[in-house]
Structure formats: structure tokens, C-alpha cells
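Notes to accompany the following structure.
The values are calculated or read from the model by the stated rules, or taken from the named source; none is laboratory data. Model, not experiment: these values are computed from the prediction. No Cβ is skipped: glycine too gets one built from the backbone with ideal geometry, and neighbour counts run over all protein chains shown.
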Amino acid sequence: MLTIPKELGYYMPAEWEKHSAVWLAWPYGDITFPNILNEIEQSYCQIIKAIEDSEKVKLIVLNESEKERISKMFISYGIKLDNIIFYIVPSYVDVWIRDYAPITLFNKENSKLAFVKWNYNAYGRGDDPFFADLLKDDKVFSNILDESKYKIFKPDIVLEGGAIELNGRGTLLTTEQCLLNKNRNSELDRSRTEIYLKAYLGVENIIWLKEGLVNDHTDGHIDEIARFVNPNTIVCAYEKNKKDPNYVILNDNYKTLKKARTENGKKFKIIKLPMPHMDYDNGEKAPVSYTNFYIGNSVILMSIFNDLNDKKAMKIIKSLFKKHKVIGIDCSKIIYGGGAIHCITMQEYL
């Protein structure tokens, strides 16, 4: 009997394929955004307003009173409440829903949806008091998805959604730093990891980059360094300054991508995106990148950072998504939690 998604005809679509909704988890508390929560809430309003004509928003909130408070905020912000579907989840902790939300699979043969539940272990840092509470987010899947209505696959290994990037045609991008990190699945080597990726995401061709950005607590999530914009084109973060700590990492990744081949054995078109530069208040280099954008049905939500390269990067993205409206979202505060637009969103397909 066939039990593996790929054997049953399921695969994970590319992000630009048609969505029914985008998932978000409303920020709260002082774990991720101490002292700047009000500013982060305003950023969320801006994001939801920007996406409302593109797709439905499925929004996780803590309780009924928070739902009422947030609804009033939306009304004052001019957000259409009929475009919001609230989900009350009393136990969720953090906003990085890309890493713990259901991953949608699609079956071309029967047009049915299925979902994959990967394990989430707070980036392998569950023993760290700062990250320990995030382990609760591993349970969110069952609180927001009626498992009786869909086929659910549970491979029982750790994988975050931000660690994988697919072109929907059989090719997957990821990093060794993250997926082969012993703090994720210590029992899996590269070949065994590939078996899981191919079986549960319906891919054949896997491109491994070495590392992600300096100071990225996710251990090198791919969405901070390289993204597909169509089946044969990849944008990658590239640092020109040889003295920058990211220069060698990103130059090596660029060289790997230039040698990479599609699932059909052809070369990819590789487009460099310039790097923004930002330090946290304590002087530490922030893991900022323009590849951390979200592809909606009709809009691109693009992370920007009040940097001189913002306009240059947006011009490149606009040239690649001519049918989309590209909207810049200032993430210079959101990055204090360690991520940006792509990290706080997760698409759900039709």
C-alpha cells in the first residue's frame, strides 16, 4: 500500500502558485520583541493591509479578548475584517509561523490537498532558556488544522519551513548548515535527509548551499540567501564588500548556484541581490537580506531596512514580478526577533 506523499502523487508547489490564504501569528509578550511590541503590531497591520486584496489572512491570536482588541485595531487601520479568519490558539508563543505551520502538498491527479507535519524543536536550542518556550509551537499544527478532513503526513523529523525553497518542478534548495546540523536530526546524514525531502515534498533534485548569514539563529535558513522567482531563475543574496563577514559565505553560495542544474539538467539563471547592512543596538551584525520576501497572489511583500540598497533591490524584484505589486515593508524592527517577512508568513494553497 502506498503511504508516502510522492508515491501518492503529492508535491509541494512553488510559492508563486495560487494561494487560498496566508498564515500569520499575531505578536505578543516580551519574548521576541521586548520594548517594541507596539511598533511590531503596527508593522503587522501594514502587512495585513498590503495583502488583503491578494488572499485571505488566517490569523492566530491568543484568546477572544485579543481577537476583539486586534479587530478594533484593524478597523481603525482600514483593514477589511471579512478578509480575516481568526484562529484562537492559547498556547502559541512566537510569530515565526513559516517554521511550524502546516506545509501544503498538492496532488495534480485528483486536485486534492494534503499537509505535512514536521517536528519543530526551536532551532535545536530548546535547552536554552531563551528558546525553551518556543517548543510549545510544535503543537500549533493540530490546533489550526482539522486533521479529520485531510490526509496528514508525519515524517517525525525536525524541519522548519524557512529551511527549504522549491521551484514546484522537482528542485529544492537548502543549506548544509541547517539541515545537516546535529541539533536538528543527529541521526540523519545527507543521503538519509535527501530521502525524506524527496519522499515528503515530491522533489528529485536537491541543491545544497553551505552556509547562511552571519548571526542567523536558524543556522542558515535558505530564505535569507536564495529564492526561486520562477522555475528556472534564482535570486541570491550577494555581498560586494570583501571585508564584510558575509562576503565569503555568499560568494561561495553564488558559485554553487552558477554550477547547479535544474531537474532537467539545464543551468539556472542566477540574479544577484545586493545586501542591506544593519547592526542591532548592541553593535552585533543583524542577519538582514532582501531575499526574505513573500510571494502573494498579486503582491510581493518585500523586507526593506532603511538601507541605501533598498531601492536597488526593489527595482530588481519589480523587474522579475511584473504582474505583481511590490510593496516594501520596513523590517528594521521585526529583525530584532531574528527574521523578516517571509519568516512570519506561510502560504496555503487552493
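Odds and ends about this structure:
- So Val140, is it touching a residue at least 40 places away in the same chain (Cβ under 8 Å) and not in a loop (DSSP other than H, G, I, E, B): yes
- Of the criteria (1) buried (at least 19 other Cβ atoms within 10 Å of the Cβ); (2) assigned to a loop (DSSP other than H, G, I, E, B), which one Cys343 fails: (2)
- Among the residues of the range 292-325, those that are closer than 15 Å to Glu55 by Cα and either assigned to a loop (DSSP other than H, G, I, E, B) or not hydroxyl-bearing (Ser, Thr, Tyr) (or both) comprise Ile295, Gly296, Asn297, Ser298, Val299, Ile300, Leu301, His324, Lys325.
- Taken residue by residue, the range 204-211 has no member that is among the basic types (Lys, Arg), buried (at least 17 other Cβ atoms within 10 Å of the Cβ) and modelled with pLDDT of 95 or more.
- Residue selected from the range 105-122 under the condition in a loop (DSSP other than H, G, I, E, B) and either free of Cβ contacts under 8 Å to residues at least 12 places away in the same chain or among the polar types (S, T, N, Q) (or both), by the criterion nearest to Ile144 (Cα to Cα): Asn121
- Within the range 129-155, the set of residues being of a type in the set (Asp, Glu) and either closer than 21 Å to Leu213 by Cα or modelled with pLDDT of 95 or more (or both) comprises Asp137, Asp138.
- Checking the range 252-263 against the condition returns a match, with at least one residue being under 26 Å from Val326 (Cβ atoms), in contact (Cβ under 8 Å) with a residue 24 or more places away in the chain, part of a loop (DSSP other than H, G, I, E, B) and of a type in the set (Val, Ile, Thr).
- Of the strands (runs of 3 or more DSSP E) lying entirely inside the range 3-97, those containing at least 2 residues that are touching a residue at least 60 places away in the same chain (Cβ under 8 Å) are 19-25, 56-61.
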